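What follows is a single structure, written as C-alpha cells, with notes after it.
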Amino acid sequence: MTPLSPEGEWLNALRGIPKWVPPMWSTVVIAPHPDDETLGAGGLIATQRRRGVPVTVLAVTHGEAAYLGACGLGELRRVEQQLAVTELGVGCSEVFSMHLPDGNVVAFEEALTDLVRPFVQPRTLLVAPWSLDPHPDHEACCRIAERMANTFDISLISYVFWAWHRNRVEALSGLPLFRLELDDQIQASRAAALSRHHSQLEWEAGAPILPDSLLDPARRPFETFIIHAERS
C-alpha cells in the first residue's frame, strides 16, 4: 500500500496544530488489534506511565485474522502485545482481553460495551480509534467509546493510524487535532514496543501487514490526537 498523501504533506499539515499535555487521570486505551495501542498511542502510554499514571489496555481482539489461514496467529499476537506494552511501562496484568473475533467486532458492539463499562470511572481518560479510521473494527470501537464518554461524562480522545495512509491530508482538516510531543526516551520506548510486534513487521509467507513504508506516522517525534471533549 502506498499512502495517498506522502509523509511530508502530513508533517506540513500538522506543524501548526496546538500542543497538548494529557491530564494525569487513569488512562484506558481501547486496542481493536494487538499493535494498535503502540501505533496510535504508544507515546501517550509511555508518557503517562513515566508520570506515574495508571494505564489499562483493553485488547478487543487478538488479531488472528491478519493473515489468511495463519494457524496460531492470535496467541502469537497476544504475546507480542504483552511484550510491547511492557516496553511502554504497562504490566501484563493491566492488559485485559475481550476475546472478540478479529474483523467482526461490529457484530458484538453491545457485548463489548458491557465489557468496557467496568473500566470506566470518573476522571478517566478514554483513548480509542477515530470513528473514520478506515477499518470496521476501529470504527466499532470508537462508537463504543463515544457511548461510554457520553454516558459517564468522561474525556475521550481518538488516535489515528490507517487514516494516515488511506486518506488525503484534507480529510482531517477542521478536526480538533492536538499533538503530544515525545522526547527521545519516549520515542525509544515506542520504537522498542513496535519491534515486539514482529509478526506484523515480517512475514515469511508474503508481504507483512506493516511494511516499512507504513511506519512513518509511528516514528514521528509527536503523536496526534482528536480531542472530542476534556471533562474536568
Seminar exercise, completed: The relative contact order of segment 65-199, taking Cα pairs under 8 Å that sit 6 or more residues apart, comes to a percentage of 30 percent
Exercise. Taking a ≥ b ≥ c as the square roots of the eigenvalues of the Cα gyration tensor of segment 1-106, is the shape rounded (a/c under 1.5), prolate (a/b larger than b/c) or oblate?
Worked result: oblate
For this session: Note down the relative contact order for the chain as a percent, whole number, built from C-alpha pairs under 8 angstrom at least six residues apart.
Result: 28 percent
For this session: Could you tell me whether segment 53-125 comes out rounded, prolate or oblate from its Cα gyration tensor? Rule is a ≥ b ≥ c as square roots of the eigenvalues, rounded for a/c under 1.5, then prolate if a/b exceeds b/c, otherwise oblate.
Result: oblate
Seminar exercise, completed: Taking every other residue with Cβ under 9 Å from the Cβ of T38 and scoring Lys and Arg +1, Asp and Glu -1, one gets -2
For this session: Pop the C-beta distance of H99 and Q121 into the FRET formula with R0 = 30 Å and round what comes out to the nearest 0.05.
Result: 0.85
Exercise. If you bin the C-alpha pair distances of segment 80-232 every 5 Å from 0, what whole percents do you get?
Worked result: 1, 8, 14, 18, 23, 20, 11, 3, 1, 0
For this session: Taking only Cα atoms and a 10 Å spring cutoff, compute GNM fluctuations for the chain and point out the largest among G16, G42, G103.
Result: G16
Exercise. Which order do M98, M24 fall in if you start with the one that has the fewest other Cβ atoms within 10 Å?
Worked result: M24, M98
Seminar exercise, completed: Taking a crude spin-label model, label points 7 Å out from Cα along the C-beta direction, the I227 to L11 distance in nm is 2.5 nm
Exercise. Counting DSSP beta bridges with both partners in the chain, what percentage is antiparallel, nearest 5?
Worked result: 35 percent
Exercise. In deg cm²/dmol, rounded to 500, what helix-only [θ] at 222 nm does the chain give when every DSSP H run of at least 4 residues adds -39500 (n - 2.57) and the total is split over its residues?
Worked result: -11000 deg cm²/dmol
Exercise. How much length is gained on full extension from A107 to R147, taking 0.36 nm per residue of separation minus their Cα-Cα distance?
Worked result: 12.8 nm
Seminar exercise, completed: One finds, for R50 and S195 with R0 = 22 angstrom and r their Cβ-Cβ distance, a FRET efficiency to the nearest 0.05 of 0.70
For this session: Give the distance, in whole Å, between the Cα centre of segment 28-59 and the Cα centre of segment 159-227.
Result: 13 Å
Exercise. Between V21 and A171, 0.36 nm times their residue separation minus their Cα-Cα distance comes to what?
Worked result: 51.5 nm
Seminar exercise, completed: Of segment 127-145, those with amide N under 14 Å from the point 7 Å along the Cα→Cβ vector of L4 are 132-135
Problem set entry | Of I157, V85, A207, farthest towards positive along the dipole that unit charges on Lys, Arg, Asp, Glu beta carbons give segment 7-229 | I157
Seminar exercise, completed: Across D36, D102, D183, the residue with the highest GNM fluctuation in the chain (Cα network, 10 Å cutoff) is D183
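Here, each number is a calculation from the coordinates, and none is a lab measurement. This is a predicted model, so every value here is computed, not measured. All Cβ positions, glycine included, derive from the backbone under ideal geometry; neighbour counts span all protein chains shown.
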